[in-house]
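Student: After the structure tokens below, expect a handful of questions from me.
The values are calculated or read from the model by the stated rules, or taken from the named source; none is laboratory data. Predicted, not measured: the structure shown is a model, and the values here were computed from it. When we count neighbours, we look across all protein chains shown, and the Cβ atoms used for this are built from the backbone with ideal geometry, even at glycine. Please note that ligands, DNA and RNA were not included when accessible areas were found on the heavy atoms of the full protein model with its side chains. Shrake-Rupley method; radii C 1.70, N 1.55, O 1.52, S 1.80 Å.
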Amino acid sequence: MKNAYVKRVWEYVQAKNANEPEYLQAVQEVLTTLEPVVDQMPELEPNAILERMVEPERVIMFRVPWMDDAGNYHVNRGYRVQFNSAIGPYKGGLRFSKEVNLSVLKFLGFEQVLKNSLTTLPMGGGKGGSDFDPHGKSDKEVMRFCQSFMTELYRHIGADVDVPAGDKNVGGREIGYMFGQYKRIRDEYTGVFTGKGLTFGGSLIRTEATGYGLIYFAQEMLKKVGDNFKGKVCVVSGSGNVATYAAQKLIQLGAKVVTLSDSNGYIYDADGITQEKLDWVKELKGVRRGRISEYAKKFPSSKYFEGKKVWEVKCDCAFPCATQNELLGSDAKTLLSNGVKLVAEGANMPSDLDAVNAFLDAKILYAPGKASNAGGVATSGLEMSQNSERLSWSSEEVDEKLHSIMVNIHNNAYDTAIKFGATDGKFVNYVAGANIAGFVKVATAMIAQGLV
Ligand code: NDP
Ligand code: 2IT
């Protein structure tokens with residue numbers, strides 16, 4: 001870092017958050033790329049914009065007591081990080097996972113602020129969740145947990161205040177239980193959640209949106225270099241919401257998807273994953289809540305690799321869609337030496353800083369998650385609009401809006417990178433483009449609103 005103001009804020013962030021490695025990683029990546037815009041906007045420093053951007057407006061932390069089916073009592077920790085409300089009510093998902101702590105939620109909230117700004121919709125950024133892990137719990141245990149979680153969270157959220165949604169391990173089942181409890185306590189029926197079921201205010205295409213949006217974004221990157229997905233060998237990690245709908249759109253566009261994974265290992269299907277096989281995976285992971293290893297028993301064209309990651313598979317395009325830091329510098333090297341041409345992130349911060357730098361140095365097409373996975377929250381924004389007007393739009397209408405939002409985010413990141421000199425010959429740095437474009441809108445709103 002060269003800019004004195006950026007450097008000073010980075011030192012402050014490190015000193016203040018020394019025990020939060022994920023948060024520091026996310027902030028470092030962003031601050032590094034903001035230098036050209038900080039040089040050009042002298043008003044940022046006297047308005048303490050960077051100092052305010054790196055400090056959440058509010059962090060709520062609470063006890064979540066719940067009872068298992070055998071009558072034993074348990075206690076988990078619940079959180080909501082209300083990061084930035086300069087451009088709209090706090091908006092962002094809830095994650096239930098053992099790894100959840102303040103560092104993870106602050107990195108996710110920080111990313112969400114810039115991502116939501118890129119969508120062009122009026123949404124601030126937030127994130128929340130709990131260290132509760134729904135794996136292996138019965139539906140009733142999950143329901144009791146969700147009700148207890150909401151019995152505290154309800155007082156901090158609202159359709160015009162803070163609108164949570166799903167994230168890792170929080171899908172339709174959990175959102176249904178939490179929405180039900182919110183409605184019961186508040187005695188009001190509002191669009192306080194997105195990702196709701198279609199019978200109670202959810203939007204068509206929200207389930208598909210993050211995965212579809214990711215591929216729409218990647219399609220635009222390929223278009224810029226005169227290419228498309230026909231016949232491209234693609235690896236996808238994860239087998240949840242984002243991964244399965246990314247794979248689905250890739251299949252529709254004529255690509256050959258050869259992998260899916262979970263936290264235990266990955267499957268490689270030499271014949272390619274078809275829509276039928278994908279439907280089976282959705283049932284396996286979403287309904288039966290099984291393991292991806294079962295795929296290899298069901299489909300003889302495939303093989304299961306326990307404890308391994310998909311990045312060792314030779315491919316044209318790679319889509320990390322599982323979790324943060326699932327793709328390390330060494331994985332990036334393997335992908336590059338196998339000739340990968342495009343990496344687009346469905347997960348939040350799946351590549352560590354070494355991997356990001358390896359992709360940028362190699363000048364391949366590389367899309368950072370906050371731009372390429374923004375289709376989920378963008379469609380959440382569309383769900384909020386539909387709830388406000390008490391109408392629901394057709395899937396064609398929502399899909400069309402999602403598609404045009406993703407094209408717009410792509411072009412904004414691309415053009416911003418060019419405007420701020422983040423290019424090298426034909427190579428365009430989408431990381432810098434996305435960070436700067438997302439940041440400028442929020443910073444401008446913050447300056448206009450005074451010291452708050
Ligand atoms: P899901 O819970 O639906 O799926 C997560 C998938 O990743 C599961 O298959 C899980 O397997 C697997 N997984 C978890 N950890 C690992 C690991 N270390 N290695 C390999 N696989 C792993 O979550 P989502 O699909 O919703 O979220 C995935 C990512 O996308 C997250 O980073 C999330 O923040 C991000 N995201 C989600 C959006 C959304 O709308 N849902 C929007 C934008 C981003 P297992 O069964 O073992 O847990
Ligand atoms: O990381 C994300 O953007 C999400 N988990 C979706 C958030 C939302 O509010 O739809």
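Student: Can you tell me the mean projection area, over all orientations, of the convex hull of segment 3-127's alpha carbons? Units nm², please.
Tutor: 8.9
Student: Continuing with this model, one more query. Restricting to DSSP H runs of at least four residues, report the calculated mean residue ellipticity at 222 nm for the chain, -39500 (n - 2.57) per run over all residues, nearest 500 deg cm²/dmol.
Tutor: -15000 deg cm²/dmol
Student: Moving to a separate point now. Would you grab the residues whose amide H sits under 5 Å from the one on D167? Only those 5+ places off in sequence or on another chain, please, with H modelled 1.01 Å from N.
Tutor: Those lying under 5 Å, H to H, from D167 are L94.
Student: A follow-up question, please. Once the convex hull of the alpha carbons of segment 57-140 is built, what does its volume come to per residue, in cubic angstrom?
Tutor: Output value, Cα hull per residue: 97 Å³.
Student: Let me ask you something else. Got a number for carbon plus sulfur as a percent of segment 204-264's accessible area, 1.4 Å probe?
Tutor: Whole-percent figure for carbon plus sulfur exposure: 47.
Student: What percentage of all Cα-Cα pairs in segment 325-398 are separated by more than 15 Å?
Tutor: 61
Student: Now for a separate question. For K308 and A448, what does the FRET efficiency come to when R0 = 35 Å and r is the distance between their Cβ atoms, rounded to the nearest 0.05?
Tutor: 0.10
Student: How much accessible surface area, in Å² rounded to 10, belongs to the heavy atoms of K230 with a 1.4 Å probe?
Tutor: K230 exposes around 150 Å² with every protein chain in place.
Student: Quick one: divide the alpha-carbon radius of gyration of segment 124-263 by 2.2 N^0.38 Å and tell me what you get. It would help to have the intermediate numbers written out before the result.
Tutor: On the way: Rg = 17.9 Å, N = 140, 2.2 N^0.38 = 14.4 Å.
Against the compact-globule rule of thumb, the ratio is 1.25.
Student: Ok, one more. For the chain, what proportion of DSSP beta bridges, expressed in % and rounded to the nearest 5, is antiparallel?
Tutor: Just about 60 percent of them are antiparallel.
Student: Could you calculate the FRET efficiency of D227 with F200 from 1/(1 + (r/R0)^6), where r is the beta carbon distance between them and R0 is 41 Å, rounded to 0.05? If you can, show how the numbers build up before the last one.
Tutor: Working: r = 42 Å, r/R0 = 1.02.
So, using R0 = 41 Å, E works out to roughly 0.45.
Student: Rounded to a whole number, what is D in µm²/s for the chain from Stokes-Einstein with the Kirkwood radius over alpha-carbon pairs (10 °C, 1.306 mPa s)?
Tutor: Numbers: Rh = 22.1 Å.
Diffusion coefficient, whole number: 72 µm²/s.
Student: Same structure again: For segment 4-26 and segment 135-163, what is the centre-to-centre distance using only Cα atoms, to the nearest Å?
Tutor: Segment 4-26 and segment 135-163 have Cα centres separated by 32 Å.
Student: Could you give the length gained on full extension between R390 and S293, defined as 0.36 nm per residue of separation minus the Cα-Cα distance, in nm? The partial results should precede the final answer.
Tutor: Details: separation 97, 0.36 × 97 = 34.92 nm, distance 4.32 nm.
The R390-S293 span can extend by a further 30.6 nm.
Student: Of all GluC sites (Glu not before Pro) in segment 188-250, which ones are in loop regions per DSSP and have a Cβ with at most 13 other Cβ atoms within 10 Å?
Tutor: E188
Student: Order the peptides 102-113, 347-358 from the highest to the lowest mean number of other Cβ atoms within 10 Å of their residues.
Tutor: 102-113, 347-358
Student: For the chain, report the accessible area per residue in Å² (1.4 Å probe, heavy atoms, rounded to an integer).
Tutor: Heavy-atom SASA per residue in the chain reads 40 Å².
Student: Right, here's the next one. Based on the alpha-carbon set only, what is the convex hull volume of segment 296-359 divided per residue, in Å³?
Tutor: 93
Student: What residue among S97, P122, I87 has its Cα farthest toward the positive end of the dipole of segment 80-126, where the charges are +1 on Lys, Arg and -1 on Asp, Glu, each on the Cβ?
Tutor: Farthest towards the positive pole: S97.
Student: Here's another thing I want to ask about it. Run the numbers for V407 and D424: contour at 0.36 nm per residue of separation, minus the present Cα-Cα distance, in nm.
Tutor: Values: separation 17, 0.36 × 17 = 6.12 nm, distance 2.24 nm.
Net length gain for the segment: 3.9 nm.
Student: OK, next. At 1.306 mPa s and 10 °C, plugging the Kirkwood radius over alpha-carbon pairs of segment 350-452 into Stokes-Einstein gives what diffusion coefficient in µm²/s? Provide the component values of the computation, followed by the final result.
Tutor: On the way: Rh = 15.6 Å.
My calculation gives 102 µm²/s for D.
Student: Counting other C-beta atoms within 10 Å, and keeping those with at most 15, which DSSP coil trypsin sites (Lys or Arg not before Pro) do you find in segment 370-452?
Tutor: On the way: sites: K370, R390, K401, K419, K426, K441; in loops: R390, K426.
Sparse-neighbourhood loop trypsin sites (Lys or Arg not before Pro): R390, K426.
Student: Tell me the label-point distance for the pair R155, A18, using the 7 Å Cα-to-Cβ offset, in nm and rounded to one decimal.
Tutor: In this crude spin-label approximation the distance works out to 3.4 nm.
Student: At a probe size of 1.4 Å, how large is the accessible area of L118, to the nearest 10 Å²?
Tutor: For L118, the solvent-accessible surface is approximately 0 Å².
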